[in-house]
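Just so you know, all these numbers are worked out from the coordinates, no wet-lab data involved. Just so you know, these numbers come straight off a predicted model, no measurement behind them. Here Cβ is always computed from backbone atoms with ideal geometry, including for glycine, and neighbour counts include all displayed protein chains.
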């Protein structure tokens, strides 16, 4: 495990210590939706990101940070940590253990190390130069995406079809109709399951860099691919397609490209 991979795991533990005390208890919650539907933020979100930022400042004061709750600090630095302290805050509020902490290290603009952590389940999915592993309940084991040569055999996921616009929804509906099974409501935990070989495809839209940056190193190190809906490197469009097997990537893109931004 490299120095930065080890530090990413340390940051996941720091976030867990801050967030877990607020899970399944009465937790201070605000609506930041601004009239566009309920978009919660909790004390757990803020406490966890603040704790991560403090640890980064102590260890690597020259590194930049981009986080959902507290914005940007030196985003043009060579090394930038990209943080979503509680991805899936709706699940957190509902007491469902499908929320995650997302931590990525971006080097020269590209995510190189990623962590998808679910502290209530004691799971850390880590991806980077050393490969992809699951650290859970005192054990570390390599993870790998699984083979899936046809979309007709695929298990697919998205957080909620309501996130899609008209044309996007049409594209998702066609992909879903072709797939063997679709699961909803997993947020970033679906990408962890893709890296672990349980899900074959995840498609989403309107994602911010802190939503997708950590996913890229984990999935790529596990043998999968992450792109936008044009089949290119993920970007500010927020449209993300992740696959465990490249064979189904082009099958899905036939439909998704029609709604690509």
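Annotations for the structure displayed:
- Sequence-separation-based contact order of the stretch 3-142, relative, with Cα cut under 8 Å and 6+ spacing, percent: 20 percent
- Across 241, 215, 83, mean-square fluctuation computed from a Gaussian network of the chain (C-alpha pairs under 10 Å connected) peaks at 241.
- Rounded to the nearest 10 degrees, the angle from helix 246-256 to the longest Cα principal axis of the chain is 80 degrees.
- Once the chain from residue 183 to residue 163 is taken as fully extended at 0.36 nm per residue, the excess over their C-alpha distance is 5.7 nm.
- Convex hull volume of the C-alpha atoms in the stretch 20-175, normalised per residue: 171 Å³.
- Largest first and in whole Å, the equivalent-ellipsoid semi-axes of the stretch 151-259 read 17, 16, 13, each the square root of five times a Cα gyration tensor eigenvalue.
- Projecting label points 7 angstrom from Cα along Cα→Cβ for residue 13 and residue 146 puts them 3.2 nm apart.
- Highest-fluctuation residue, 92, 164, 125 considered, GNM on the chain with Cα pairs under 10 Å: 164
- Cα convex hull of the chain, projected area averaged across orientations, nm²: 12.9 nm²
- Restricted to Cα atoms, the stretch 54-109 shows a radius of gyration and a Dmax of 13.0, 38 angstrom.
- For residue 254 and residue 30, the difference between the fully extended length at 0.36 nm per residue and the C-alpha to C-alpha distance is 76.6 nm.
- In plain terms, if you count all Cα to Cα distances in the stretch 1-86 and split them into 5 Å steps from zero, the share in each step is 3, 14, 22, 23, 17, 11, 7, 3, 0 percent.
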